[in-house]
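Input: a single structure, listed below in structure tokens.
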Amino acid sequence: MILDCAIVGGGPAGLTAGLYTTRGGLENVVMYEKGMPGGQITQSSEIENYPGVTGEVSGMEMMASWPQQCQKFGLKHDMVEVKRVTKEGDIFQIHRGDGKVDEARSVIIGTGSSPRRAGFKGEDEFFGKGVSTCATCDGFFYKGKEVAVIGGGDTALEEALYLAKICSKVYLIHRRDTFRSAPNTVKRVENTENIELVLNSVPDEVYGDKMGVTGIRVKNSGGEMRDIEVPGVFTFVGNDVNNQTLIQENGDFLCEMNEVGQVIVDLSMRTSVPGLFATGDMRKDAPKQVVSAAGDGAVAALQAISYVDELLNH
Ligand code: FAD
Ligand code: NAP
């Protein structure tokens with residue numbers, strides 16, 4: 001059976017695409033998601049900027065109902081990783097991690113992005129043993145203890161605020177003296193008593209013992225070293241685009257990409273390959289917001305419906 005639409009990724013973009021394609025009349029739509037649906041926002045302790053969602057709502061809580069809403073209209077979810085998407089003639093091939101190959105007339109890809117490593121000594125060695133990229137997942141291990149947070153964007157500052165509620169003290173280590181984060185968030189951080197700003201400083205090394213991390217050494221712009229004794233180090237230094245599924249056997253991408261590995265799309269989320277749509281954090285100029293990822297998913301779905309209709313009936 002050839003699917004009308006294959007959706008790769010089950011974050012806000014993929015789930016919204018699933019809702020709109022199935023509700024809009026496409027049959028046989030499968031969403032491939034390698035983990036639990038919901039995407040990276042499920043790692044966020046609090047979401048304040050999704051319209052209509054008010055009060056202290058975590059990303060996990062907000063996303064809980066999205067898959068059920070899609071399933072009601074017939075979206076199927078395959079919990080499998082997609083290794084590669086290819087196209088022969090009018091038909092796409094979905095190369096699954098379990099070795100099977102599915103076929104589809106259209107593909108909406110929304111594989112998002114993944115946390116980047118900061119690149120200091122000890123980061124890989126102690127990853128999962130004191131070094132983490134998820135405060136919601138690991139913050140509780142440091143209840144009443146001191147932790148370090150690295151980064152100066154929205155994620156670092158918001159997660160520092162979250163950790164400050166659980167931990168006795170948060171050292172916020174940032175390589176500059178101004179932040180990338182929203183001004184309101186910066187103000188909240190500056191007004192939080194148990195957050196100490198360690199500015200113009202970069203991590204030099206995370207160290208520890210068999211039990212895990214015991215501290216982090218940071219170097220300031222003057223070259224001075226400072227040891228901060230903490231059992232937990234959280235890094236929030238940005239994300240890399242998950243574009244691997246578009247890489248073909250010869251190393252080329254299936255569609256046109258920009259210089260930082262994002263998919264080039266037009267305002268209808270169309271890529272350079274007919275029938276292939278890209279959505280959410282992985283597409284060029286993405287605002288990297290849940291609301292925009294969901295919007296992309298809806299736009300791509302409406303386009304996919306027209307594309308499949310044209311393919312089958314004209
Ligand atoms: P993602 O959410 O990244 O989802 C992609 C999905 O694809 C994932 O579930 C992944 O498992 C799956 N996937 C990837 N590769 C494959 C594959 N090969 N096969 C199968 N499945 C695959 N935005 C806001 O608007 N407000 C906030 O408050 C906010 N807070 C944030 C806090 C944190 C800690 C983080 C990390 C992000 C935050 N963001 C926030 C940004 C927001 O989460 C993203 O912009 C949004 O999730 C992007 O959605 P997406 O669907 O494009 O991708
Ligand atoms: P980001 O905005 O790219 O910020 C990354 C931070 O890490 C920057 O401050 C950067 O420093 C620093 N950094 C990068 N590499 C480093 C290294 N090797 N060592 C030390 N520091 C390093 O990433 P993000 O905060 O994850 O946000 C990603 C996107 O999601 C953004 O568009 C953001 O607005 C969005 N987001 C939105 C919300 C929200 O709306 N509430 C919440 C979270 C995320 P420099 O500043 O010096 O470059």
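So what is log10(I(q)/I(0)) for the range 64-136 at q = 0.23, 0.26 1/Å, when the Debye sum runs over its Cα atoms only?
Listed by q, the Debye log ratios stand at -1.07, -1.19.
Given that compact globular proteins tend to follow 2.2 N^0.38 Å, what is the ratio of the alpha-carbon Rg of the chain to that value? Mind showing how you got there, number by number?
Details: Rg = 21.4 Å, N = 314, 2.2 N^0.38 = 19.6 Å.
That works out to 1.09 for the chain.
Output the Kirkwood hydrodynamic radius of the range 131-235, Cα pairs only, in Å rounded to one decimal. Show your work: numbers first, answer last.
Values: mean 1/r = 0.0740 Å⁻¹.
Its Kirkwood hydrodynamic radius stands at 13.5 Å.
Compute the relative contact order of the range 131-235 as a whole-number percentage, counting only Cα pairs closer than 8 Å that sit 6 or more residues apart in sequence.
On the way: 220 pairs, mean separation 32.0, N = 105.
After rounding, I find 31 percent.
Send over a whole-number figure in Å² for the accessible area per residue of the range 131-235, probe 1.4 Å.
On the way: 5280 Å² over 105 residues.
Accessible surface, normalised per residue, equals 50 Å².
Just the number, please: carbon plus sulfur as a percent of the accessible area of the range 131-235, 1.4 Å probe, no ligands or DNA/RNA counted.
47 percent
For Lys143, which aspartates and glutamates qualify as cross-link partners when the Cα separation must be under 15 Å and same-chain residues fewer than eight apart are set aside?
The reachable aspartates and glutamates, counting only those whose Cα sits under 15 Å from Lys143, are Glu159.
With a cut-off of at most 10 other beta carbons within 10 Å, and DSSP calling the residue loop, which GluC sites (Glu not before Pro) in the range 238-314 qualify? Please list them. Write down the numbers at each step before the final one.
Values: sites: Glu249, Glu256, Glu259, Glu310; in loops: Glu249, Glu256, Glu259.
Loop-located and lightly packed - Glu249, Glu259.
For the chain, what does -39500 (n - 2.57) per DSSP helix run (n ≥ 4), summed and divided by total residues, give at 222 nm, in deg cm²/dmol to the nearest 500? Write out the running numbers ahead of the final one.
Details: 7 runs with 72 residues, N = 314.
Theoretical 222 nm ellipticity from helices: -7000 deg cm²/dmol.
What percent does the relative contact order of the chain come to when contacts are Cα pairs within less than 8 Å and at least six residues apart?
Details: 723 pairs, mean separation 67.3, N = 314.
It rounds to 21 percent for the chain.
So how exposed is Ile41, as accessible area in Å² (1.4 Å probe, rounded to 10)?
30 Å²
Within the chain, which complete DSSP H helices have Cα atoms spanning at least 24 Å along the helix axis and a mean Kyte-Doolittle hydropathy of -0.5 or higher? Present the calculation step by step, with values, prior to reporting the outcome.
Numbers: long enough: 290-313 (34 Å, 0.93).
Those that pass (Cα extent of 24 Å or more, hydropathy at least -0.5) are 290-313.
The values are calculated or read from the model by the stated rules, or taken from the named source; none is laboratory data. Because the structure is a prediction, the values reported are computed rather than measured. Cβ atoms come from the backbone with ideal geometry, glycine included; neighbour counts cover every protein chain shown. Each accessible area value is taken on the protein alone, full model and side chains, heavy atoms only, with ligands, DNA and RNA left out. Shrake-Rupley method; radii C 1.70, N 1.55, O 1.52, S 1.80 Å.
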